[in-house]
1. Treating only the Cβ atoms of Lys and Arg (+1) and Asp and Glu (-1) as charged, compute the dipole magnitude of region 127-200 about its Cα centre; round to the nearest 20 debye.
2. Order of M139, M210, M58, M1 from fewest to most other C-beta atoms within 10 Å?
3. Would you mind ranking I251, I52, I143, I273 so that the residue whose beta carbon has the fewest other beta carbons within 10 Å leads the list?
4. When a footprinting reagent is the concern and you count Cβ atoms within 10 Å, what order do C314, C96, C346 take, fewest first?
5. Among the DSSP beta bridges whose two residues both lie in the chain, what percent are antiparallel, rounded to the nearest 5?
6. Any idea what the relative contact order of the chain is, in percent, if you count C-alpha pairs under 8 Å spaced at least 6 apart?
7. Could you work out the helix-only [θ] at 222 nm for the chain, with each DSSP H run of four or more residues adding -39,500 (n - 2.57) and the total divided by the number of residues, to the nearest 500 deg cm²/dmol?
8. Once you sort the root eigenvalues of the Cα gyration tensor of the chain as a ≥ b ≥ c, which label holds: rounded (a/c under 1.5), prolate (a/b larger than b/c) or oblate (the other case)?
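Every read-out reported here was derived from the displayed coordinates using simple, explicitly stated rules and does not represent laboratory data. Here the structure is a predicted model, which is why all the values come from computation and not from measurement. All Cβ positions, glycine included, derive from the backbone under ideal geometry; neighbour counts span all protein chains shown.
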Amino acid sequence: MRAAISALPGYVPGRPAPVAPDGTSYKISSNENPYPPLPAVLEVVQRAVTEINRYPDMASTQLVSALAERLDVPAPRIVTGTGSVGVLSSLLQAVCEAGDEVVFAWRSFEAYPIVVGLSGATAVPVPLDGAGRHDLDAMADAITERTRLVLVCTPNNPTGPVVGAQELEAFLGRVPRDVLVVVDEAYLEFVRDPTAADGLAVHRAHPNVMVLRTFSKAYGLAGLRVGYAVAHEPVAEALRRAAVPFGVSSIAQLAAVASLEQEKALLERVDGIVDERERVAAELTRQGWRLPRSEANFVYLPVGSATPDLVAACAEAGLSVRGYGSDGVRATVGDAAADDVLLEVCGAFLQRWSPDRVG
Ligand SMILES: *Cc1c(COP(=O)(O)O)cnc(C)c1O
């Protein structure tokens, strides 16, 4: 095996939900959408199943044209993949060689060090600031002659804050034009902060900026694996060449098109999830927690060395949450019943833990 393989951190998937003695059981460890598929989306999927003896359309033609229209970008700039992680993985294959460097904030999405390590490139993680935000000055300082890519995750998984439009613009002023900046907007639909960066607008204004988006979170298609990039044409063409052939199934393509058609209903659900996020964040704050400001479908509890204890307390109550070493715990929000259990566990946990030891 290549040395890079044994050096890779494993991707830790969200655990299945434990079951509490009273039967309570919620998986809130993977930022999934709690709602089942809309009937109109299910119907399309069921019809598509009858054609699984055929390969899918490799170019995702219908989905690409639906996205081009929806986003008002030329179709050749859109590249679909097996989730946005699939697109990111093709990007690393297309752009990076051994010795190249990729700058990203840390903690951030755990797939980043894996896809970077797999490509043979060197990961250059730059610590978040004390509020769980990207430290863009430090990230700009970390760029060297070997830097090929910078990954910007907004809102940041797992901490939740967005990157502001102005700070991103100032950062881009410091990035050399031959360094590609990837704005990962997996949670874009949950953002309500009007000062947040708009990845697509930034892409339009800068030839070295591309955007990653997904149908996994707000659109509720995590199980079908479909996401996309919006990139300038030389990059988009390289992504198409580097992709695994026929990666996005017909079922995923058709479900994504149907989801765009059902966008209004889906975004109403997103509004409900955002309302839940605000309710949970307000109640946690009232309990005495100090949290990073989340604009996504999760909250982050920076409990430091108490991380395993909080994960265990959640499990006892029937919640699988995501613990990050000795940094903190991420919990997906949106299902009011699960959110109520989370609030109860967090309230009781804080009683046992003095607030000055939190955050
Ligand atoms: C969930 C997530 C993705 C999307 O993953 P898919 O491969 O599209 O399911 C991308 N980036 C971040 C930061 C995420 O949290």
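1. Dipole size: approximately 140 debye.
2. Values: M139 23, M210 26, M58 13, M1 5.
The fewest-first ordering by Cβ neighbours comes to M1, M58, M139, M210.
3. With the fewest neighbours first, I251, I52, I143, I273 line up as I52, I143, I251, I273.
4. If I rank by nearby Cβ atoms, fewest first, I get C96, C346, C314.
5. Values: 16 of 37 bridges.
Rounded to the nearest five, the antiparallel share is 45 percent.
6. On the way: 708 pairs, mean separation 87.0, N = 359.
Relative contact order here is 24 percent.
7. That comes out to -12000 deg cm²/dmol.
8. Oblate shape, in that a/c is at least 1.5 and b/c is the bigger or equal ratio.
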